[in-house]
Amino acid sequence: MAAGKRLIEVEDLSVKFAMPDGEVTAVNGLSFGLERGQTFGIVGESGSGKSQSMLAMMGLLAINGRASGRALFNDEDLLSMPANLLNRIRGNRIAMIFQDPMTSLNPYLTVERQMTEVLELHKGLTRRSALTLAISTLEQVRIPDAARRIRMYPHEFSGGMRQRIMIAMALLCQPDLLIADEPTTALDVTVQAQTMALLRDLQRDFGTAIMAIILITHDLGVVAGLCDQVMVLYGGRIMEQGSAESIFYRPTHPYTLGLLGAVPKLDHEGERLLAIPGVPPNMAHLPAGCPFSERCTFVMDRCATERPALRQAQGERLEDERVEVLRACHREVVEIAREAERVLR
């Protein structure tokens, strides 16, 4: 990816929620940057703070939530931006694909109205011009017979087609940044592969100098196949961060090792997966030290009281071929999905 000025620069982002029993910190001190054309993966278990960090940047936190720190988008701080200015950016220069397209799409409006409304609001297009562009965008995301199907309601589409509609809506205004929050949740494996291949193709077609992607996922195969940079979260904190190659080949944090160890290997049939013991922490009662200390197989006495700071590190290359297996699986499923799509056409 071409280097250049960072499109977004997040500094010390924290998210807290006011609860009946006190304040809960869901995200604690995240810092990262992303250049145009890059794909940035955020990985971690449910409840690790992946989605809340992005919702904070978009100004979409629940009413009892508050964010602190800075999130500079083209040198403008999203966290301190007035709502009227942020509304001009959301859905226009920054777009988000949410986990469940069925609940994200309005069941009472046709796809046509939901798409044309975006263009009328952000681009000032007439209804007819907006409809033409909406149909063209649906065709870009490979919705067959788009001119007819755009007049249908969300429930008349399959889960995979609804997700494509969500992607098309996100791309209508040709955003600088696309945030994809678990875009393959509840989809079968083949449709998952089709969706991720579509995102990769669209980023290429839009031009890598234009659109950057933040991908929230728990699927390490997707990360290995698509992402340039990766951030591993646990308990609302960064456990490890770096290039995809360094995270997969030279992991340095026990949590990252645990995630990689839980990946099935094609050449080890019948071998049990190495599950991480225990359960994710209660965010209202995090350990005083490292949040992963209660589940870590390398835990030391000091881990219970000291929170290790992030530092530059160079670990050893993994001796196994886990990354190649992940990438091979991802490529194989993507090719199967593409062939199935060609047949269906």
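For the stretch 270-292, name all the residues that are within 26 Å of the chain's Cα centre (by Cα), in a loop (DSSP other than H, G, I, E, B) and modelled with pLDDT of 85 or more.
Once the filter is applied, which keeps residues that are within 26 Å of the chain's Cα centre (by Cα), in a loop (DSSP other than H, G, I, E, B) and modelled with pLDDT of 85 or more, the stretch 270-292 yields ILE276, PRO277, GLY278, VAL279, PRO280, PRO281, ASN282, LEU286, CYS290, PRO291, PHE292.
Given the structure, is SER68 hydroxyl-bearing (Ser, Thr, Tyr), on the phi < 0 side of the Ramachandran plot and crowded, with 16+ Cβ neighbours inside 10 Å?
no
For the stretch 127-156, which residues satisfy the criterion of being in a loop (DSSP other than H, G, I, E, B) and in contact (Cβ under 8 Å) with a residue 24 or more places away in the chain?
Correct list: VAL141, ARG142, ILE143, PRO144, ILE150, ARG151, MET152, TYR153.
Which one of the conditions (1) part of a strand (DSSP E or B); (2) in contact with a strand residue (DSSP E or B) (Cβ under 6 Å, 6 or more places away or on another chain) does VAL223 fail to meet, given that it meets all the rest?
VAL223 satisfies every listed condition except (1).
From the list THR116, THR126, which one is of a type in the set (Ser, Thr, Tyr) and exposed (fewer than 14 other Cβ atoms within 10 Å of the Cβ)?
Unique residue meeting the criteria: THR126.
Inspect all residues belonging to the stretch 60-69 and state whether any of them is in contact with a helix residue (DSSP H, G or I) (Cβ under 6 Å, 6 or more places away or on another chain) and under 21 Å from PRO82 (Cβ atoms).
For the stretch 60-69, residues in contact with a helix residue (DSSP H, G or I) (Cβ under 6 Å, 6 or more places away or on another chain) and under 21 Å from PRO82 (Cβ atoms): present.
Closer than 20 Å to ARG162 by Cβ, modelled with pLDDT under 90 and either more than 19 Å from the chain's Cα centre (by Cα) or part of a loop (DSSP other than H, G, I, E, B) (or both), is that true of GLN99?
When the stated conditions are applied, GLN99 passes them.
Go over the candidates GLU9, GLU23 one by one and state the one that is more than 18 Å from the chain's Cα centre (by Cα) and part of a strand (DSSP E or B).
One residue alone meets the criteria, GLU23.
With the checklist (1) out of contact with any helix residue (DSSP H, G or I) (no Cβ under 7 Å at 6 or more places or on another chain); (2) surrounded by fewer than 18 Cβ atoms within 10 Å (Cβ to Cβ); (3) not hydroxyl-bearing (Ser, Thr, Tyr) in hand, flag the one item ILE94 doesn't pass.
(2)
The values are calculated or read from the model by the stated rules, or taken from the named source; none is laboratory data. Computed from a predicted structure; not experimentally measured. Positions of Cβ are backbone-derived with ideal geometry, glycine not excepted, and every protein chain shown enters the neighbour counts.
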